[in-house]
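One structure is given below, encoded as structure tokens.
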Amino acid sequence: MADNRPFLILAPLQGVTDVVFRQVYARHFTGIDQAMAPFISTMGGRRLKPSRLKDVDPALNTAFPIIPQILGNNPDDFIYLGDYLFDMGYAQVNWNLGCPHSKIAKKQRGSGLLSHPDKIDAFLSRVIPAMKPGLSVKIRLGRKNKEEIQDLIAMFNTHKLDEIILHARTGEQMYTGTADIDAFERAMKACTHPMVYNGDIVDTASWEKIRQRFPEISRFMIGRGILSNPFLPEQIKGLKTDSHPPDSQDNDSQKRERLKNFHTDLFNSYKQVFSGPGHLIGRMKGFWNYLGPSFENSKKPLKKLLKANSEQDYSDGVSEFWEMNLKFCPDRIE
Ligand SMILES: Cc1cc2nc3c(=O)[nH]c(=O)nc-3n(C[C@H](O)[C@H](O)[C@H](O)COP(=O)(O)O)c2cc1C
């Protein structure tokens, strides 16, 4: 019988979904099939940054199959880093053409290249024959407007790519507005490569909408939705991990307990890798920025927690947060 379960990919979120997060997440939740690692930037002069490569060290990444991602626009530097990653044992490397930040885009990296399909074309013509096969691209609809996608897809169709992951916003949109699923559909219809859907799958309702709209898509990438609701992949796949009826108080306390254990594990794991409390607390605040608003009436305790400057204040804030036994209801977020 054909396996038609969706294939779920954890999106790369620089500064959030690093190897520590990925490994800890997998100890507490199921449903994710693969993860794309946050981008590694190319460096000139055949140099590599060991601290960034550690994030994709296969010995540390035992939880999920990983796709490493590269950000850069220099073909020689890309080939050098790409070969290094293939030699580490990876079968696919991804090129980041979606990063929206103006500092990066101005240098014609990330989404900054999307208004120059000719430059992408020249880059791919040089890079693909020089590297082992196994390149995918992660793109947006364009840099400035979503019509750019048509020329981009026509150009990508002429190259040998494993797949195209499309986040249906423009670069200039950053994360505002909503992902344009009509534009995704137009791109998908024109594209000869397998496509991965990405953008705004935040709960089971948005998931159902995307699944029904695109029955031909089997691979889906999810980022922020998993951070605000770590149960989302389990819910999407209908994996039964709760022993209590949905919407019961017991179910809610079981969820809270699992989130609490996840948080404790994450905190302890980051404590081992970050040297000072500043980095540790900064990283954990990033985590709470996504998860915290998913609890009912969490504004006040969250504000206090996010103000913490010392490890003690942070631990006190977290204890108070859990002691309030707030209802976990991520689907209510607007
Ligand atoms: C804080 C942050 C960091 C991100 N870092 C990366 C990155 O390193 N590489 C990348 O391709 N996309 C990155 N993205 C984009 C996400 O992978 C994803 O495409 C985007 O969040 C849309 O998916 P979502 O609505 O499921 O979150 C980042 C997004 C955020 C919010």
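Every number here is computed from the coordinates shown, using simple stated rules; none is lab data. Because the structure is predicted, anything quoted here is derived from the model rather than measured. Virtual Cβ from ideal backbone geometry, glycine too; neighbours counted across all protein chains shown.
Observations, loosely collected:
- Translational diffusion coefficient (Stokes-Einstein; Kirkwood radius from C-alpha pairs) of the chain at 25 °C, 0.890 mPa s, in µm²/s: 117
- Take 16-29, 294-307 and order them by the average number of nearby Cβ atoms within 10 Å per residue, most first; the result is 16-29, 294-307.
- Note: relative contact order over the stretch 93-135, using C-alpha pairs below 8 Å and six or more positions apart, is 33 percent.
- The chain: calculated mean residue ellipticity at 222 nm from DSSP helix runs of at least 4, using -39500 (n - 2.57): -13000 deg cm²/dmol
- Relative contact order computed over the chain (Cα-Cα under 8 Å; 6+ residues apart), in percent: 15
- The stretch 248-315 and the stretch 116-166 have their alpha-carbon centroids 39 Å apart.
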